[in-house]
1. So, G226, is that one modelled with pLDDT of 90 or more, open to solvent by less than 60 Å² (accessible area, probe 1.4 Å), not aliphatic (A, V, I, L, M) and not in a helix (DSSP H, G or I) or not?
2. Look at the stretch 113-132 and say how many of its residues are modelled with pLDDT of 80 or more and among the polar types (S, T, N, Q).
3. Can you name the residue in the stretch 261-281 that is open to solvent by less than 30 Å² (accessible area, probe 1.4 Å) and not aliphatic (A, V, I, L, M) and, of all such residues, is farthest from Q216 (Cα to Cα)?
4. Among the residues in the stretch 94-112, are any open to solvent by less than 30 Å² (accessible area, probe 1.4 Å), modelled with pLDDT of 85 or more and out of contact with any Cys (no Cβ under 6 Å at 6 or more places or on another chain)?
5. Which of the helices (runs of 4 or more DSSP H) contained wholly in the stretch 265-354 include at least 1 residues that are among the small types (G, A, S)?
6. Quick check, is W321 surrounded by 14 or more Cβ atoms within 10 Å (Cβ to Cβ) and in contact with a Ser or Thr (Cβ under 8 Å, 6 or more places away or on another chain)?
Amino acid sequence: MDELAELAAGKVRDGGLRLMGEGGLLVELTRHLMQAAVEAEMDLHLAEEAGRTGGRGSRSGGNARNGHRSRKVMTEVGSVTVQVPRDRLGTFTSGLLPKYARRTGGLEEMVLSLTAKGLTSGEIVAHLAETYGMETSKETVSTITDKALDAMADWRTRPLDPVCPVLFVDCVNVKIRDGAVANRPIHVVLAVTCDGHREILGLWAGDGGEGAKYWQNVLAELQNRGVRDVLMLVRDGLKGLPEAVNTVFPQTVVQLCIVHLIRTTLKYISRADWDKAARDLRPVYTAANEDEDEALARLAEFGEKWQAKYPAAVRAWERSWSEVVPFLGFPPPIRKIISTTNAIESLNARYRRSVNACGHFPNETAALKRLYLTTLAPDPTGKGRKRWTSRWKEAMNAFDIAFDGRLSAERV
């Protein structure tokens, strides 16, 4: 500590104390520690070999030091030059700095974290240069993030819980350059576990024309990963999904997101009439429990008022009615939760911020990799997870009663 204080004082006398980047105090400290570590590794290596050879020297077939090799390494505090020791027999390999390694694990974790938080490769390069005085390239950043591909493959095939109370299915559109830049949907499936936690089950790329066969393959994949029963599935208007659900999970109740349906309705209505139309629609989806007749009566009143002016808006509700009303048969705790896909909207906001920063992607794998890293970005305070779990506790109890014990059947 005294030597470190003297070094800091010397930095101040020489023109100012800097912690990170070229000439920074932490860079010097890191270099000293790494140098001491690799020297200790060499001492240990030579001692082990001497034990095997009976203590013979290098001229007798034993091993000994043979100078050093300079290596520049990028660390999380800046670029550090370490003199890596060599041995005469060439059998020494440093555990701290493996052969050909030019980056530490801490730096790679930093790059993955910055990518998950939405920074582009160019922004990460600029950040490393400005903060740490480190010269790198977009290609290096891409190489580091490519290491997440194997982890992503494992994540997309991991085993799942046998019962999912609710699945929320939505998509985020990304621009992919495949000959020409075009919008492609990446579908997200979010589950609420039996413990009331949120879990992203996977990401699936589509081409925009997904039908029942596509969704049947997605749901069959979930089934192969361990899902045996899904109580409810909330969707945002994806075509072909209800038919696929009825095939793979015939007992599942499919619920259309009310918020998305309202948005679709307002697309057919002039902006000047939005407030009035939304107010007239509210009695439709807030009708008394288990009273579909009341909801239909309110929809008829809405139709009488707006049919002549906006017929497409009325037809949107009539066409989707079978998937609008399931939640009317459930108690308030369940209705409050399943009548919208708001549970997934915060995640989608992070996804959109991340993909919009990049503009477009060279291929599907690059888009999936970025969304995967964004998925893993942790809740910085942990408060979001606590709020989520507490909000779902009452609903979990209502689900178990409403679905005759199917929620807890696999947990007994």
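1. Numbers: modelled with pLDDT of 90 or more: yes; open to solvent by less than 60 Å² (accessible area, probe 1.4 Å): yes; not aliphatic (A, V, I, L, M): yes; not in a helix (DSSP H, G or I): yes.
It is true that G226 is modelled with pLDDT of 90 or more, open to solvent by less than 60 Å² (accessible area, probe 1.4 Å), not aliphatic (A, V, I, L, M) and not in a helix (DSSP H, G or I).
2. Number of matching residues: 3.
3. In this case the residue turns out to be D273.
4. No; the residues of the stretch 94-112 include none that is open to solvent by less than 30 Å² (accessible area, probe 1.4 Å), modelled with pLDDT of 85 or more and out of contact with any Cys (no Cβ under 6 Å at 6 or more places or on another chain).
5. In the stretch 265-354, 274-285, 292-306, 311-319, 321-324 are the helices (runs of 4 or more DSSP H) which contain 1 or more residues that are among the small types (G, A, S).
6. no
Results for (1) assigned to a loop (DSSP other than H, G, I, E, B); (2) in contact (Cβ under 8 Å) with a residue 12 or more places away in the chain; (3) surrounded by 20 or more Cβ atoms within 10 Å (Cβ to Cβ), shown as yes or no for each residue.
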{"residue": "Q216", "(1), (2), (3)": "no, yes, no"}
{"residue": "L219", "(1), (2), (3)": "no, yes, yes"}
{"residue": "M232", "(1), (2), (3)": "no, yes, yes"}
{"residue": "A244", "(1), (2), (3)": "no, yes, yes"}
{"residue": "P250", "(1), (2), (3)": "yes, no, no"}
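The values are calculated or read from the model by the stated rules, or taken from the named source; none is laboratory data. These numbers come from a predicted model, not from an experiment. Every residue, glycine among them, receives a Cβ derived from its backbone with ideal geometry; neighbour counts consider all protein chains shown. Just the protein is used for accessible areas: all its heavy atoms, side chains included, with ligands, DNA and RNA removed. Shrake-Rupley method; radii C 1.70, N 1.55, O 1.52, S 1.80 Å.
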